[in-house]
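Visitor: Take a look at this one; I'll ask things after.
The values are calculated or read from the model by the stated rules, or taken from the named source; none is laboratory data. Bear in mind that the values here come from a model prediction, so they are computed numbers and not experimental data. With ideal geometry, Cβ positions are generated from the backbone for all residues, glycine too; neighbour counts draw on all protein chains shown.
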Amino acid sequence: MSHSADAFLSSVGINIHIDQGYAPQSYVEPLKYLGVRAVRTGAGRVTGSVYVARRTGVLVDIFANGGPVDSFMAAARQLAAANALLALEGPNEPNNFPLTYDGKRGGGSGTWLPVGEFQRDVYAAVKADSELRNFPVFSPSEPGAQTDNVGLQFLTIPEGADALLPPGTPFADFANVHNYVIGNGERYGDNQAWNAADPTLNERWDGLYGNFGVTWGRGYKGYTNEALATLPRVTTETGWDSVRGPGGERTQGTVLVNTYLAQYKRGYRYTFIYQLRDDEGGQDHFGVFDKDSRPKPAATFIHNLTAILADRTPIAHPGRLNYSIPNQPATVHDLLLQKSDGTFALVVWGEKVTGADSVVVDLGGERASVKVYDITVGTEPISTLRNARSVPVSLSDHALIIEVAK
């Protein structure tokens, strides 16, 4: 099965901090260089978000931590009027950033009922609004931290949930997680990105299971593993600190590209890396650019990925390429994309910390022209084959792209 290259590229997002007062102008060139299609920021200073969207073509996911629902809706309408709105997102990590709604404090170690009431009211307001009703609503992040069973581990509370809010209460269209690929303990192992994206894995990544399956804080039951596998979902924060994280800047870059690929392959509609620049939102080195907007390897690798796959036309029914990878190792993964001109882009990536796997990609027949790209090398092919039936590759810790002409 193949996917539209445009659909994959539309899933690629990053966090910026216009709402915290950083100059909108400073984001324009870095975003153009990256080639990402979406950004995430708070709902404040929305004129700055409109400015960035108009100059880069990105769509904007905005979130609000409590406050008047009407103000959140007004910010969303302003973005929608500029054709710049992607989604409205619920409160950001209420366990770390408690909110106040309707005069009541919620989140943190206290009751989460005001968090649920705010999210319920946001969802109702969006779906009742003629300008906004067709835009998706993302759930609050970290519902696994609920101190009382408000029901936020569901998109809509089902019968029998024993939640504080009644059955049938809708919260969101997409489950939202912050499954940081670095994981708890900041260790680097084989299949780092692949495992972080696993919808049912209960491990060191703060993933879908611990937030929407069985909550990691108090063990409130949510969806079954079977339901989690198909639950509409997004990641609005994931990242890798290039100083504290193992492997430094190069590993940050390879892992983050692997993350975009693994997340999409495993069913995440959007993935937002945290973050564009160092030292924004806190003293850290999660940025793919340094604090002076100089690109790290992560920015270069993402640029290479989006440039090689560049396509702005969606395909309703992508075609098939009868390829196979015989004896495919557990650390080798693949994602078949098709561009609007019919060209196939088979992305194959390795997630091996040390060493490499030698594999042969069988193309299912003779192909007149095949080009191989390496996202760590650049945007030009590293090899070109004519009348090829197979492509031998060595896969270590990063992605190659095998382009097969129509």
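Visitor: Quick check on the stretch 270-295: of everything there that is among the hydrophobic types (A, V, I, L, M, F, W, C) and closer than 19 Å to residue 37 by Cα, which residue is surrounded by the fewest Cβ atoms within 10 Å (Cβ to Cβ)?
Guide: The qualifying residue surrounded by the fewest Cβ atoms within 10 Å (Cβ to Cβ) is 289.
Visitor: Right, here's the next one. Can you give me the number of residues within the stretch 373-389 that are assigned to a loop (DSSP other than H, G, I, E, B) and not aliphatic (A, V, I, L, M)?
Guide: The total comes to 5.
Visitor: Taking the stretch 33-85 only, how many residues are under 18 Å from residue 133 (Cβ atoms) and either among the acidic types (Asp, Glu) or part of a helix (DSSP H, G or I) (or both)?
Guide: 13
Visitor: Another one. Any residue at all in the stretch 126-139 that is crowded, with 17+ Cβ neighbours inside 10 Å and in contact with a Pro (Cβ under 6 Å, 6 or more places away or on another chain)?
Guide: No, the conditions are met nowhere in the stretch 126-139.
Visitor: Could I ask something else about it? Which condition does residue 195 not pass, out of (1) surrounded by fewer than 19 Cβ atoms within 10 Å (Cβ to Cβ); (2) under 25 Å from residue 395 (Cα atoms), if it passes all the others?
Guide: With respect to (1) surrounded by fewer than 19 Cβ atoms within 10 Å (Cβ to Cβ); (2) under 25 Å from residue 395 (Cα atoms), residue 195 is out only on (1).
Visitor: Sticking with this one: I'm told residue 190 meets every condition in (1) surrounded by fewer than 21 Cβ atoms within 10 Å (Cβ to Cβ); (2) touching a Phe, Trp or Tyr at 6+ places or on another chain (Cβ under 9 Å) except one. Can you identify the failing condition by its number?
Guide: Of the numbered conditions (1) surrounded by fewer than 21 Cβ atoms within 10 Å (Cβ to Cβ); (2) touching a Phe, Trp or Tyr at 6+ places or on another chain (Cβ under 9 Å), the odd one out for residue 190 is (2).
Visitor: If you don't mind, another one. Let me confirm something: among 102, 121, which residue is on the phi > 0 side of the Ramachandran plot and either in contact with a Leu (Cβ under 7 Å, 6 or more places away or on another chain) or free of Cβ contacts under 8 Å to residues at least 60 places away in the same chain (or both)?
Guide: 102
Visitor: Output the residue which, of all residues in the stretch 292-345 that are of a type in the set (Asp, Glu) and within 24 Å of the chain's Cα centre (by Cα), is farthest from residue 393 (Cα to Cα).
Guide: Here the residue is 311.
Visitor: Also, I was wondering about something else. If the requirement is being surrounded by fewer than 24 Cβ atoms within 10 Å (Cβ to Cβ), farther than 19 Å from residue 152 by Cα, assigned by TED's automatic domain parsing to the domain that holds residue 85 and over 18 Å from the mean Cα position of the chain (by Cα), which of these qualifies: 267, 245?
Guide: From the options 267, 245, the qualifying one is 245.
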